[in-house]
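For reference, the structure discussed in these notes is given below.
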Amino acid sequence: MDVIRIDRIRAFGRHGADPGERDAAQPFDVTVVLEADLSRAAENDDLRQAIDYSVVHQTVTRIIESTSFRLIERLAAEISRAILEDSRIAHAEITVAKPGVLQGATPSVTLRRPNPKFHAWPEPG
């Protein structure tokens, strides 16, 4: 399997379990690692046969900005679920970090999920 990695997607959202955390938008940093067969895109130089990372970026940003969860685990799960709607993606690893909440330390969670909808490209011929 090949890998697409998008580091440091920054978006602002209202997520948190402590009082007041959801009163104002705060930064969240997301790293997305996707496993997929990229051989056709590499051979044909055709975006239609690739995983469009700008769409992945937009999906992550939209979810962070338009939802509100108590836990970053739930936020990561929602991002994973949305990304795995693309059946060409075999696995997704989503890391959500919440900078600036622990006096200089940055908590994060990473979820790794297989895609039950995954199907490889059919063999040519």
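What follows draws every value from the coordinates through simple rules; no lab data is involved. Bear in mind that the values here come from a model prediction, so they are computed numbers and not experimental data.
With Cα atoms defining each centre, the range 105-121 and the range 7-28 are spaced 21 Å apart in the structure. Based on the Kirkwood approach, the hydrodynamic radius assigned to the range 52-118 is 12.7 Å, with every pair of different Cα atoms included.
The Cα atoms of the range 2-42 cover 48, 15, 11 Å along the three principal axes, with the biggest extent listed first.
Rounded to the nearest 10 degrees, the angle from helix 72-83 to the longest Cα principal axis of the chain is 20 degrees. Compared with the dominant principal axis of the Cα atoms in the chain, helix 53-66 is inclined by about 30°. Here, P(r) means the percent of Cα pairs in each 5 Å bin from 0 to the largest distance; for the chain it is 2, 11, 21, 22, 16, 11, 8, 5, 3, 1, 0, 0.
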